[in-house]
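First comes the structure, then the notes that go with it.
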Amino acid sequence: MSGDVRALLKAKAQERSKRISHPLAAYNASGQLRCTLCALIVKDNEIAWSGHLGSKGHRTNVGRQKELAEQESERKRLEKGKRKALIEDNDAAEDEDEMDTGTL
């Protein structure tokens with residue numbers, strides 16, 4: 001009897017060691033693999049997880065998250081009172097305008 005229990009505990013420990021480690025992967029209380037970005041339950045195997053990562057819905061959610069992160073960093077930058085430097089292309093366009101009007 002105790003041999004069966006040990007075998008079950010050993011099997012459970014091996015199962016835990018096979019868990020997927022990814023920044024967006026999390027396991028809920030019942031041990032199901034979940035994508036934290038999409039809030040979607042995914043089958044607990046490497047093939048299903050990689051399939052989910054390549055899916056259109058997940059890629060869309062990743063794009064949205066990146067946009068939100070960029071907007072947040074831009075907001076924080078503006079709160080600090082810093083402005084972006086002028087782009088050289090903008091200066092070059094102004095020089096061309098002056099050349100066209102002959103005011104250079």
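The values are calculated or read from the model by the stated rules, or taken from the named source; none is laboratory data. Keep in mind the model is a prediction, meaning the values are calculated, not measured. All Cβ positions, even for glycine, are placed from backbone atoms using ideal geometry, and neighbour counts span all protein chains on display. SASA here: full protein model, heavy atoms, side chains in, ligands and nucleic acids out. Shrake-Rupley method; radii C 1.70, N 1.55, O 1.52, S 1.80 Å.
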Using 0.36 nm times the number of residues separating Val5 and Leu40, minus their current alpha carbon distance, what extension gain do you get?
9.3 nm
Where Arg77, Arg34, Arg64 fall by accessible area, highest first, once all protein chains stay in place (1.4 Å)
Arg64, Arg34, Arg77
Using a Förster radius of 41 Å, what is the FRET efficiency between Asn28 and Glu74 based on their Cβ-Cβ separation? Nearest 0.05, please.
0.75
Mean Cβ neighbour count within 10 Å, used as a protection proxy, ranking 20-29, 48-57 highest first
48-57, 20-29
Under a crude label model (7 Å from the Cα following the beta-carbon direction), how far is Ser21 from Leu53 in nanometres?
1.4
Of the listed pairs Lys10/Lys43; Lys10/Lys66; Lys18/Lys66; Lys18/Lys56; Lys56/Lys76, those with alpha carbons more than 32 Å apart are Lys10/Lys66
